[in-house]
1. Residue pairs, Cβ under 8 Å, 6 or more apart or interchain, first in region 80-97 and closer than 18 Å to Met46 by Cβ and without any contact (Cβ under 8 Å) to a residue 24 or more places away in the chain, second buried (at least 17 other Cβ atoms within 10 Å of the Cβ) and among the aromatic types (Phe, Trp, Tyr). List them.
2. For the condition within 21 Å of Pro146 (Cα to Cα) and either out of contact with any helix residue (DSSP H, G or I) (no Cβ under 8 Å at 6 or more places or on another chain) or modelled with pLDDT under 95 (or both), what is the one hit in Leu90, Leu83?
3. Within region 222-243, track down each residue that is closer than 21 Å to Ser27 by Cβ and part of a loop (DSSP other than H, G, I, E, B).
4. Are any residues in region 190-210 of a type outside the set (Val, Ile, Thr), touching a residue at least 60 places away in the same chain (Cβ under 8 Å) and touching a helix residue (DSSP H, G or I) at 6+ places or on another chain (Cβ under 9 Å), and if so, which ones?
5. Considering only residues that are at pLDDT below 95 and either of a type in the set (D, E, K, R) or assigned to a strand (DSSP E or B) (or both), which ones fall in region 59-78?
6. Condition first: touching a Phe, Trp or Tyr at 6+ places or on another chain (Cβ under 7 Å) and farther than 15 Å from Leu117 by Cα. Now tell me which residues in region 45-60 satisfy that.
7. Quick test of your reading of the structure: Thr74 fulfils all but one of (1) among the β-branched types (Val, Ile, Thr); (2) over 13 Å from Trp22 (Cα atoms); (3) buried (at least 16 other Cβ atoms within 10 Å of the Cβ). Name the failing condition by number.
8. May I ask you to list pairs of residues, at least six apart or on different chains, whose Cβ atoms are under 6 Å apart, with the first in region 144-165 being surrounded by 17 or more Cβ atoms within 10 Å (Cβ to Cβ) and the second being charged (D, E, K, R)?
Amino acid sequence: MLPAELIHFKEKGQAITILTAWDSISSSIVEAAGADVVLVGDSLSMVALGHATTLPVTLDQMLHHAQAVGRGFTRPPKEQPLLVCDLPFLSYQCGEDKAVEAAGKLLKNSSTAAVKLEGAEPEVINVIQRLIRMGIPVMGHLGLTPQSVHNLGYRRQAENIKDQKKVLEQAIKLEESGCFAIVLEHVPEELSIRVRNGLKIPIIGIGAGICDGQVRVTADLIGLTEKQPPFSPALIPGRELCIKALKDWIEKQHHEAKTPTKELPQQIRDY
């Protein structure tokens, strides 16, 4: 799938589904489930690498995981989900040249077909425009932007009219700059409706009410993470199910180890 196809999804009123993956097993699962887009999100910093925030993950680590995710796809290339990879912290905030080099490294060395980056400040807009001119599709990200955790925290954003107007203006700038879609995270639903109705490109919600599509961290949905975001309850108690299954297996091994060994038949003992 090409990034521009998502715009046709919006025009047809077809919902867009995006799930994250961080290795070949998770990507094979979300592909089989039918996700339109697979996102190698910098959330893997927390989900797969054990960090408290998304900030520590490096570009090389993102590439490593993007390569693994691409290897997990089993469908023919034209039938595979669109693979989008996050640009990690400090891979695009330090200037256009460094951003092009970082994004180009992902596209050149993995199945990644587009990158996602956060914000719409003037410096970020310049980066986005440069990336697109260089042939690198870009997905924007507004609202709660995890790479700005030290400024914003993880609380819901744009609670007042002034901030909502700013987000809408930023979304318009991202569309004008050439983004093919925008993730809108943890904002009031009335804002997402205004942004969705005001733009031609798809608005992908996460904790933002009904949008043109939804994105979720797969580990959250299947209940593998210990703490769920308020806007992404687990669909199944995956962590508890896995622990119980493995605990049952371990207990079985302990039980069998204590069982007296049966005496071997005579012909086997003689052998």
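1. From region 80-97, no pairs qualify.
2. Leu90
3. Ile222, Gly223, Leu224, Thr225, Ser232, Ala234, Leu235, Ile236
4. Result: Lys200, Pro202, Ala208.
5. Passing the criteria: only Lys78.
6. Within region 45-60, Val47, Ala48 meet the criteria.
7. Failed condition: (3).
8. Qualifying pairs under 6 Å: Leu144/Glu185; Thr145/Glu118; Gln147/Glu118.
The values are calculated or read from the model by the stated rules, or taken from the named source; none is laboratory data. In this text, all values refer to a predicted model and were calculated from it rather than measured experimentally. Counting neighbours? That spans all protein chains shown, and the Cβs are built from the backbone with ideal geometry, glycine included.
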